[in-house]
Amino acid sequence: MAMAMAPAVVSGERLVVFLFVARVALAAPAQLAAPLAVLAAAALAVELAVDASASASSSPLRRFRTRPGASSGILLGATTLPSVMLSRLIQLYRVLLADPNGREEYAYLEMQYWAVSVSCLGMLAFFVWHLRQSPSNGNSIASKYGLLLIILYPLAYLFHLLLKTDGGLLVMSNLVYLLCHGVAAVILIQHILEKFPSCSSFGEAILVSSGLVLYCGDMLAHTLSKMEFSISSEAFIRAPGTRSEIGTVIQGVLLGLFLLPLLYKSSLQVLAYCRKLESQRTQTVEECTQKRIDCGVFYVSLLVALLLLVPSWMRLIQGFEVHPFVWVFNYIFTDSRERLALCAYWIFVIYVSIRRFYSISKQSKTERILLRKYYHLVAVLIFSPAVIFQPDFLDLAFGAAFAVFLILEMVRVWEIYPLGHIVHQFMSAFTDHRDSEILIVSHFSLLLGCALPKWMSSGFNDRPLTPFAGILSLGIGDTMASMIGYKYGVLRWSKTGSGDTCFTPQLHKQLGKNSKLRVKPYAARGLKYGDLVQN
């Protein structure tokens, strides 16, 4: 029986995740490594239970449509961020041996590690709860094992926290802080899976949800630490007081854009209510006029978020004496020929590559998967000089690029006039079978893959190659794997593998021909303007 179970349990993806988690856990203190091991075991059990129920027509998880052809990836999604945070703790601990002044930052980072672990644990409980809605799935050995580990994990943390501190109020505040992360992560992943069908696998949804919740929780902790009522309180999670201006600008802008859909939705609802009252006395507004009004609401909401709400938060956190965007302008154009030369170099490379590759996509028979990988090589050309000569400026550039991508994707999805159709037509030239009918996320994955290692290595770094990790792995490693796999790959690592090497050239050609039909704006699928926001 064990031999029969082996092919279902062991796969290439799970083996790589096991080696990664084991390497991190062996380098960490036992009190931090043990929870990671428990979390990984629970994630593996849940993944096995989900995969076993995938073929069952009665599975409650079938209502969540995941990305076609992708494995569930629950183990990878649930262990990635906790492992990265634990790696950061190990790195910071080495610095503390020489500089004990960073103990406050270490304590805060340790709490962030527990927070992201609890977020992932809550999402695992979310999957187990859905599985147990069906008796055939809920009574499986894997689901029972996963549920047991999920129950043991918070008990282990509570025991660790009670041994570490004597303050009862501090224990309660920590538990509330972690509970809020777990609940927020469950709400967010359910929203992602329901509102964006076929856009991600379960593991990718876990990774995105835990990352967003952690990012927003960090913002909340820094905000409350700056308020008067929390300064004298020792019961609340204290965020480190020192942080760079660039980090504050990036976090403020990105969080402002993440909250933009809520502001846009609220504005549309108020406008619809006013229009309903007005329609009782006048005729209905034409659809063309209504579309222009909604576009105006979007641009006004964007300006309010970026020019009013975001700068107010930045001034609270960092104490900018001028408008944050004025500070960014002065930072770029004051006493820095290297930054200006770097900007000119970026503009030249981006212009030449986009013009060349867009022309190839329209005229040539080059496969879409290979065309997309050319942009990975372009990323190496763009980012490598900046990492060497202007690392701080590259952090700011990564944040600006991610903000532009977010705005353009909102404009494309909601078909905001006049750029919505143009952006959609341009982006569709580079999509393939892995992009859904709603979102195009490939460029986000490439940018974040290059940016996150650089962002996380800022401040202190005793490993010179750490900032290059994303650029080298995605720009060179992933590109070579994809090209070689496209030309020679005919074998799968596992039945649920989703990598580029799992597809033969013939399958790539077939998918490439139909790729333009997969990504459609909302109007092309019979939906009304702004339905994504109002839903």
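Go over the candidates Ile407, Ile382 one by one and state the one that is buried (at least 20 other Cβ atoms within 10 Å of the Cβ), outside the structural domain of Met219 (by the TED database) and out of contact with any Pro (no Cβ under 6 Å at 6 or more places or on another chain). Give the derivation first.
Numbers: Ile407 fails: buried (at least 20 other Cβ atoms within 10 Å of the Cβ).
Checking each option against the conditions leaves just Ile382.
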Unique match (being closer than 20 Å to Ser119 by Cα and of a type outside the set (S, T, N, Q)) among Leu26, Leu44: Leu44
Among (1) at pLDDT below 75; (2) open to solvent by 20 Å² or more (accessible area, probe 1.4 Å), the one test that Ser143 misses: (2)
Test: residue in the stretch 66-80 that is more than 17 Å from Cys120 (Cβ to Cβ), at pLDDT below 85 and either of a type in the set (D, E, K, R) or open to solvent by less than 20 Å² (accessible area, probe 1.4 Å) (or both): yes
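If you go through the stretch 314-340 one residue at a time, how many are of a type in the set (Lys, Arg) and open to solvent by 70 Å² or more (accessible area, probe 1.4 Å)? Give the derivation first.
To start, the set of residues in the stretch 314-340 that are of a type in the set (Lys, Arg) comprises 315, 337, 339.
Remaining after also requiring open to solvent by 70 Å² or more (accessible area, probe 1.4 Å): 315, 337.
Total meeting the criteria: 2.
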Residue match in the stretch 406-417 (condition: in contact (Cβ under 8 Å) with a residue 12 or more places away in the chain and farther than 18 Å from Ile440 by Cα): yes
The one condition in (1) surrounded by fewer than 19 Cβ atoms within 10 Å (Cβ to Cβ); (2) modelled with pLDDT of 70 or more; (3) not basic (Lys, Arg) that Ser117 fails to fulfil: (1)
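Any idea which of Arg355, Arg292 is open to solvent by 70 Å² or more (accessible area, probe 1.4 Å) and either touching a residue at least 12 places away in the same chain (Cβ under 8 Å) or not in a helix (DSSP H, G or I) (or both)?
Working: Arg355 fails: either touching a residue at least 12 places away in the same chain (Cβ under 8 Å) or not in a helix (DSSP H, G or I) (or both).
Exactly one residue qualifies, and that residue is Arg292.
The values are calculated or read from the model by the stated rules, or taken from the named source; none is laboratory data. What you see is a predicted model, and the numbers here were worked out from it, not measured in a lab. Neighbour counts are summed over all protein chains in view; Cβ atoms, including those assigned to glycine, are modelled from backbone coordinates with ideal geometry. SASA here: full protein model, heavy atoms, side chains in, ligands and nucleic acids out. Shrake-Rupley method; radii C 1.70, N 1.55, O 1.52, S 1.80 Å.
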